[in-house]
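The values are calculated or read from the model by the stated rules, or taken from the named source; none is laboratory data. Remember, predicted model here, so these are calculated numbers, not experimental data. Positions of Cβ are generated from backbone atoms using ideal geometry, with glycine treated the same way; all protein chains shown enter the neighbour counts. Accessible surface areas use protein heavy atoms only, side chains included; no ligands, DNA or RNA. Shrake-Rupley method; radii C 1.70, N 1.55, O 1.52, S 1.80 Å.
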Amino acid sequence: MEVIKSKHFIADRAWGSKQIANMRGITTSLHWTDKPYKWHVNDGEEVFVVLDGVVDMHYRLNGTEEVAALEVGDIFFASVGTEHVAHPRGEVRVLVVESEGSV
């Protein structure tokens, strides 16, 4: 049992994380960042939830780059094969649910 106050979580580097759970190979992690990630495609599906701050989620749909502004409580679901990159606007905290070992 653990209570996590996500608003107070700070990592020692961009995209640093605290693993919350691993449920039969599906991980749930709290991430802190103030810098963009990198364009990537996950090995499986990914659920990305903004807990604090605003994230511009860039993704490619049929070869065209799109951007969704994600605010607190918003969820981005990356299906298999979805190329995407998160660009935070300042400091953000996000919850990520994905397959263990996924990029």
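The table that follows gives values for the structure above.
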{"quantity": "Solvent exposure, largest accessible area first (probe 1.4 Å, DNA, RNA and ligands not counted), of Asp34, Asp43", "calculated": "Asp43, Asp34"}
{"quantity": "Accessible area of the chain divided out per residue, in Å², using a probe of 1.4 angstrom", "calculated": "59"}
{"quantity": "Of Glu66, Glu46, Glu83, the one that fluctuates the most in a GNM where the chain has Cα springs shorter than 10 Å", "calculated": "Glu66"}
{"quantity": "Euclidean distance of C-alpha centroids, the range 26-50 and the range 65-80, integer Å", "calculated": "11"}
{"quantity": "Solvent accessible area, Å² - Lys7, 1.4 Å probe, full protein context", "calculated": "130"}
{"quantity": "Cα lying deepest toward the dipole's positive end in the range 1-45, options Ile26, Val3, Tyr37, charges on Cβ", "calculated": "Val3"}
{"quantity": "Cα-based convex hull volume of the chain per residue, rounded to whole Å³", "calculated": "93"}
{"quantity": "Net charge of neighbours whose Cβ lies under 14 Å from the Cβ of Ala21, counting Lys and Arg as +1 and Asp and Glu as -1", "calculated": "-1"}
{"quantity": "Of all accessible heavy-atom area on the chain, the percent that carbon and sulfur account for (1.4 Å)", "calculated": "50"}
